[in-house]
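Accompanying notes for the structure given below.
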Amino acid sequence: MERISGNCFNMILLIVCLTSLNIVYAQNDMKVLGEQPLAKIAIHKTVLALHSSASITATPFVLGIKGEDTEWVTVELESPEPSVDDWVGVFSPGNFNSSTCPYTGGVGWEEEPYICSAPIKYKYANHSNPNYAKTGKTTLKFQLINQRADFSFALFSGGLSDPRLVAVSNSISFANPKAPVYPRLALGKSWDEMTVTWTSGYDIHEAVPFVEWGPKGGKQTRSPAGTLTFNHNSMCGEPARTVGWRDPGFIHTSFLKELWPNVRYTYRIGHMLSDGTYVWTKKYSFKASPYPGQNSLQRVIIFGDMGKAERDGSNEYADYQPGSLNTTDQLIKDLENYDIVFHIGDMPYANGYISQWDQFTAQVQDISSTVPYMIASGNHERDWPNTGSFFDTPDSGGECGVPAETMYVADYGLFRFCIADSEHDWREGSEQYKFIEHCLATVDRKHQPWLIFSAHRPLGYSSNLWYGMEGSFEEPMGRESLQKLWQKYKVDIAFYGHVHNYERVCPIYQNQCVNSEKHNYSGTVNGTIHVVVGGGGSHLSDFTSAPPIWSLYRDRDFGFGKLTAFNHSYLLFEYKRSSDGNVYDSFTISRDYRDIKRKMEGKLKMILVMLWLFTNLSIGLAQNHMEGFGEQPLAKIAIDKTVIALHSSASITALHFLLGIQGEDTEWVTVELESPEPSVDDWVGVFSPGNFNSSTCPNTGGIGRLEEPYICSAPIKYKYANHSNPNYAKTGKTTLKFQLINQRADFAFALFSGGLSNPRLVAVSNSISFANPKAPVYPRLALGKSWDEMTVTWTSGYSIDEAVPFVEWGPEGGSQTRSPAGTLTFTRNSMCGEPARTVGWRDPGFIHTSFLKELWPNLSKTYSFKASPYPGQNSLQRAERDGSNEYANYQPGSLNTTDQLIKDLNNYDIVFHIGDMPYANGYISQWDQFTAQVQDISSTVPYMIASGNHERDWPNTGSFYDTRDSGGECGVLAETMYKADYGMFRFCIADSEHDWREGSEQYKFIEHCLATVDRKQQPWLIFSAHRPLGYSSNAWYGREGSFEEPMGRESLQKLWQKYKVDIAFYGHVHNYERVCPIYQMTVT
């Protein structure tokens, strides 16, 4: 999650307490259909009318003897003058007479019959005995929770409006009223952090708060907690400053960091007392968040306006928040089937009665102690006149958002949530508008495809009765500014509360439905779906009599929404009623990343950290705008035209059935073949997976396709049959040698005649496999987010559900530690075109990345590498640069370059490969082969990259050049634009496949990178990009007369000159050239 500075405190963790949830609800500018029940009691008008014959007694005297934080209490009462208006109030602290009131300067105020604090709950005396008014006797049951003080019960006559105090009970208390209670989880500042917040009666001077936690069944550690509170004077008005005030206790928050994704953790809360003893809660558990972009099942609950209710029947809850307990109980019942909760405003409706916050946190603790419970600010938490809220109403009862308001970014696996604060100005030009745009603009939709906006009030669309009467069908001024942001950044769904019902709106822009589908959306949707989920529990709201044309489903009932992301391409939304948990409305979104790209051309994503992995190395090369000098060899094979011509006398055999027995990730394989009709055009293809017949092809809807002589996947490599035997065409026999690498599947070899353009399948070999095809392979290092961080990325066949990935590392010869890894992958549908989506597709496996942090400069580590030097450190530092990587006729110097770098590995510290890696051009198998080829380098020194045209470019996907050079890969899953600080160097790595011209986002990034380096510490300033944005005498550039990439240096040269860039490096042109120090074509 991301902190936003400014007047609004960005709420990055859920402190479900008054300090961070100061929220209450009122239908602002609408007819009020209920009020806080305690507000009905005119407690300050109480008259003393104690009666010697009246009595009230509470049992048991001590609660929570076994550590319970809630217990049922029996109250017996007797009155000589009973009435139907008699009621019993529960007071805590138990001493509630006028001596406890704050001094107001009056004379003789201690003697006045005056009570200055409202009860924490109440019941009418006849609640369980309809004959009480006749008998004067009854027994009541109250459920009490531990609220850090004792309790007493008081019998009143005169009703709620003219209370007369008749009798007061004995006091009762929990065995340890200060005990820690009501834990609540929230996402932390980063994806691998969880916060635990709880309430206690222990000041920091009395006891040290902490959380003991660790992997379930594993080693436990302890993390400290911060402590906050607030006082009576922090409130903005009454009743929060007067009769509603109650001491909130101490709110403690601990940050559990460096969690392993999807791992189950246990925790318990502790306080170490001054005498060295401990107070503990019971043990709880939670599952850590998924890695951002992780392709796993992720489920989200979202609703608003739940409120709280008393299970003992107190406070007339059925009239005020009748659905609250149903929603809570349904969510508790279904706790194993969701991962995170968003409660978007209006929590307990405390409305200034502070005691209600404890009761709300107690009500939801079974949920909030198990999954992150995230919130948004509502009017009943924030609004109060002249305190900075956008709406100048008294809805918060004087709480006025003390001391936090919520506006934040939450990244959870495949989701990006942008949580706005509808109680502060959101209009264009406001601080919040800038925050919202930043949140929407900075998400990487390749990793996190599902973009969700949420706010308490309906800033989009609602056919609530009051909005209908106003004619706006929205919160006033709601969507005027925001709708262009939702459309520009392709927000999938916007959720709201405030209106106490459920409503779903069509995908819409500027009041017009942009899609006629009602339930199953696919492809480019072109509008945002708006959903009101405000039926969490508070009294229901009415709709307009006639639904607007854009309103697809309306339900005046209590319920909540559920989002389920199955993967990067498929999202399910369900609306469930709280009464039975059944689904009453639903829709799906089925979409590929390319569908987002089509509507987001020109939108640029900054990646500030380079992760050397498939998901952000989806790169290959073609000389764009130049004469082609070769093509991807596999593209020469017309595999889709294959004809089955199996011959009974032909054979092909792979002699090694099991590879990598001793853990090797590469082995040589001998293949023997024989053909009765040999030809110089015969060739052998290596297929992986080994079963490559038509049954494995994706279903295209054709009839009889399984019977067709059709192969839908290209081989991963091939050789002509006469490669090692020039006489093969005469003898029909030969032996070939293939070097295979572990690629997570088995292999088979196939003999073809007819050449590459008209292949005829003659024979298929046995299958062979590595001993562990899923084994982790091909590690690659990269600099992390800071100079003292290194990332390690590798590939395996293990999903996050099969095995937990990690790196064990430490100083060479020293103690080793383990760091968790995030896991990503991508699917065929992530590709933008063919061959990447068709014959070139191959499952990429799972890409794991671990962050090794707080490294000591220049210290060797095992897993073995040398840590980066401290920025400015005066030591020897070198960098090799290579812009392309070819083999045979296609990349003839590739292996020479690789081998030379491996040979010289001890003499350099970091590598920058500035674009065009394997030239896979949509043949995904080539990426494994490339990472295997460079692994001796990339596993030892940071191997940094830049985007090239063969990684990124594809028509209508946002690349600056509208070519097909990437073979449909289109930069999935990342594009690169970053700065890298390495000792005395600052590297500014640009992305030449996106707009770099003045005014563009990238131009601003480049200037910021150049401007912010401290040249006293880092004197060497290096600029780099794939294409020559400076000077090149390449033949094509010469014919054009520009000697540069078109428009290359026009904008950038003044930055290079202004900030005194030392050297600019480029690739793309396949030669070496050094230019003199130059500015505006003039030698300097």
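The values are calculated or read from the model by the stated rules, or taken from the named source; none is laboratory data. Just so it is clear, the model here is predicted, and its values are computed rather than measured. Note that we place each Cβ from the backbone using ideal geometry, even for glycine, and neighbour counts take in every protein chain shown.
For E1001, the test of being surrounded by 21 or more Cβ atoms within 10 Å (Cβ to Cβ) and charged (D, E, K, R) is failed.
For the range 415-466, enumerate the residues that are among the acidic types (D, E) and under 30 Å from G822 (Cα atoms). Give the derivation first.
To start, the set of residues in the range 415-466 that are among the acidic types (D, E) comprises 421, 423, 425, 428, 431, 437, 444.
The answer is E437, D444.
Screening R1015 on (1) crowded, with 17+ Cβ neighbours inside 10 Å; (2) more than 17 Å from M944 (Cβ to Cβ); (3) out of contact with any Ser or Thr (no Cβ under 9 Å at 6 or more places or on another chain) shows it passes everything except condition (1). Of all residues assigned to the range 797-809, at least one qualifies as being in a loop (DSSP other than H, G, I, E, B), of a type in the set (G, A, S), modelled with pLDDT of 95 or more and not assigned by TED's automatic domain parsing to the domain that holds S649.
Looking across I375, I367, I436, I419, one residue alone is β-branched (V, I, T) and in contact with a His (Cβ under 6 Å, 6 or more places away or on another chain). It is I375.
The single condition from (1) under 28 Å from the mean Cα position of the chain (by Cα); (2) under 17 Å from L572 (Cα atoms); (3) modelled with pLDDT of 95 or more that S522 fails is (3). The residues of the range 721-749 that are more than 23 Å from Q926 (Cβ to Cβ), touching a residue at least 40 places away in the same chain (Cβ under 8 Å) and not in a helix (DSSP H, G or I), listed by number, are N722, G732, K733, T734, T735. Scanning the range 329-348 for residues that are part of a loop (DSSP other than H, G, I, E, B), over 27 Å from the mean Cα position of the chain (by Cα) and more than 20 Å from F142 (Cβ to Cβ) turns up nothing.
On the given criteria, is I269 within 34 Å of the chain's Cα centre (by Cα), not in a loop (DSSP other than H, G, I, E, B) and not assigned by TED's automatic domain parsing to the domain that holds P449? Answer is yes for this residue.
The criterion of at least 1 residues that are closer than 22 Å to D492 by Cβ and acidic (D, E) is met, among strands (runs of 3 or more DSSP E) falling completely within the range 390-459, by 408-412.
Of the residues A980, A1025, A990, the single one that is crowded, with 18+ Cβ neighbours inside 10 Å and in contact with a Leu (Cβ under 6 Å, 6 or more places away or on another chain) is A980. Of all residues in the range 160-212, those satisfying the criterion of being surrounded by 24 or more Cβ atoms within 10 Å (Cβ to Cβ) and aromatic (F, W, Y) are F174, Y182, W198.
Examine the range 327-349 for a residue that is over 30 Å from H447 (Cβ atoms) and in contact with a Ser or Thr (Cβ under 6 Å, 6 or more places away or on another chain), and state whether such a residue exists.
Checked the range 327-349: at least one residue is over 30 Å from H447 (Cβ atoms) and in contact with a Ser or Thr (Cβ under 6 Å, 6 or more places away or on another chain).
Candidates S757, S799: the one that is in contact with a helix residue (DSSP H, G or I) (Cβ under 9 Å, 6 or more places away or on another chain) and over 30 Å from A946 (Cβ atoms) is S757.
Residues in the range 962-974: is at least one surrounded by fewer than 23 Cβ atoms within 10 Å (Cβ to Cβ) and more than 29 Å from N829 (Cα to Cα)? Within the range 962-974 (the criterion being surrounded by fewer than 23 Cβ atoms within 10 Å (Cβ to Cβ) and more than 29 Å from N829 (Cα to Cα)), the answer is no, since none of the residues qualifies. Report yes if some residue within the range 852-874 is surrounded by 19 or more Cβ atoms within 10 Å (Cβ to Cβ), at pLDDT 70 or above and closer than 17 Å to W927 by Cα; otherwise report no. No, the range 852-874 contains no residue that is surrounded by 19 or more Cβ atoms within 10 Å (Cβ to Cβ), at pLDDT 70 or above and closer than 17 Å to W927 by Cα. Applying the criterion of being in a strand (DSSP E or B) and touching a residue at least 60 places away in the same chain (Cβ under 8 Å) to the residues of the range 474-506, the residue that is nearest to G378 (Cα to Cα) is Y496. Meeting the requirement of 2 or more residues that are in contact (Cβ under 8 Å) with a residue 24 or more places away in the chain and within 19 Å of Y412 (Cα to Cα), the strands (runs of 3 or more DSSP E) wholly within the range 542-596 are 559-565, 570-577.
Table: residues versus (1) under 30 Å from I589 (Cβ atoms); (2) acidic (D, E); (3) buried (at least 24 other Cβ atoms within 10 Å of the Cβ).
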residue	(1), (2), (3)
M347	yes, no, yes
A350	no, no, yes
I354	no, no, yes
T361	no, no, yes
E381	no, yes, yes
P385	no, no, no
Y408	yes, no, yes
Y412	yes, no, yes
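Give me a count of the residues in the range 888-941 that are of a type in the set (V, I, T) and in contact (Cβ under 8 Å) with a residue 40 or more places away in the chain. Going through the range 888-941 one residue at a time, the tally reaches 7.
Checking the structure you have, find out if any residue of the range 187-199 is more than 25 Å from I145 (Cα to Cα) and basic (K, R). Yes. Residues that are at pLDDT 90 or above and of a type in the set (G, A, S) within the range 321-351 comprise G323, S324, G345, listed in sequence order.
Scanning the range 207-250 for residues that are within 29 Å of H44 (Cα to Cα) and in a strand (DSSP E or B) yields a total of 1. Evaluate the range 353-371: report whether one residue or more is modelled with pLDDT of 95 or more, in a loop (DSSP other than H, G, I, E, B) and touching a helix residue (DSSP H, G or I) at 6+ places or on another chain (Cβ under 7 Å). For the range 353-371, residues modelled with pLDDT of 95 or more, in a loop (DSSP other than H, G, I, E, B) and touching a helix residue (DSSP H, G or I) at 6+ places or on another chain (Cβ under 7 Å): present. Quick check on this structure: which one of V533, V525 is among the aliphatic types (A, V, I, L, M), touching a Pro at 6+ places or on another chain (Cβ under 8 Å) and closer than 18 Å to D492 by Cα? It is V525.
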